[in-house]
Amino acid sequence: MSQSTPTYLTHHFLIAMPHMADPRFIHSLVYLCEHSEDGAMGIVVNQISGLNLSDVIEQTAPDLDVPPPVGLRPVYNGGPIQAERGFVLHSGDAAWEASLDLGPLRLTTSRDILVDMARGLGPEHSLVALGYAGWDAGQLDQELSDNCWLSVPAENHILFQVPSDQRLAAAAQSLGIDLNLLTSQAGHA
């Protein structure tokens, strides 16, 4: 018998199934920044926190004036881990002080990107989140086996151009699935 090589889902969306038991992830769409044998890390990209960019910048750079509409951009609940820490998921090749190259995107955690965004010098496309979602080694793989999540390659237009309340449905639709037609009852055939 041959062993198969594990499939990792970096730069994929995780679509919460209707029977998701974890209340922190009900109706969530997660962008997976990293997935390996050591675990996974992602950002929830469709759950608005109630804060905006001005609120976050006021905490990190109180002397900086943030003009509308930049300051009115929503901040997302990126996940339950380190919910006080900011993450900027963005396009472009520019690297700020603490930027991680994710291939098609970057993830930046340093204050300098927020300052540049406030000045109109930030990335063309970005999403600001507080916190992240994380899984230990094998944990996400088990949740996928248990049908808690669907996965699909991430599409930047869903992240940056589709309104946040429509992103989950848009990601599911890219698989040809209407989430409204799925039952919330879990089961296996």
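The values are calculated or read from the model by the stated rules, or taken from the named source; none is laboratory data. Quick caveat: nothing in here was measured; it's all calculated off a predicted structure. When we count neighbours, we look across all protein chains shown, and the Cβ atoms used for this are built from the backbone with ideal geometry, even at glycine. Ligands, DNA and RNA are stripped out before the accessible areas are found, and what is left, the full protein with its side chains, is counted by its heavy atoms. Shrake-Rupley method; radii C 1.70, N 1.55, O 1.52, S 1.80 Å.
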*In the range 47-68, what residues are within 19 Å of L168 (Cβ to Cβ) and touching a Pro at 6+ places or on another chain (Cβ under 9 Å)?*
I48, S49, G50
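Every residue, every condition in (1) within 28 Å of R24 (Cβ to Cβ); (2) among the acidic types (D, E), yes or no:
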residue	(1), (2)
A94	no, no
T109	yes, no
D116	no, yes
H125	yes, no
L130	yes, no
Q139	yes, no
*Can you list the strands (runs of 3 or more DSSP E) found entirely within the range 84-189 that contain at least 1 residues being open to solvent by less than 50 Å² (accessible area, probe 1.4 Å), of a type outside the set (S, T, N, Q) and within 25 Å of P67 (Cα to Cα)?*
106-108, 126-136
*Kindly check whether there is at least one residue in the range 37-50 that is in contact (Cβ under 8 Å) with a residue 60 or more places away in the chain, open to solvent by 20 Å² or more (accessible area, probe 1.4 Å) and either over 17 Å from the mean Cα position of the chain (by Cα) or farther than 27 Å from L150 by Cα (or both).*
yes
*Name every residue in the range 16-34 that is of a type in the set (G, A, S) and open to solvent by 40 Å² or more (accessible area, probe 1.4 Å), in order of residue number.*
A21
*Taking the condition of a type outside the set (S, T, N, Q), open to solvent by 70 Å² or more (accessible area, probe 1.4 Å) and out of contact with any Ser or Thr (no Cβ under 8 Å at 6 or more places or on another chain), does D65 pass?*
yes
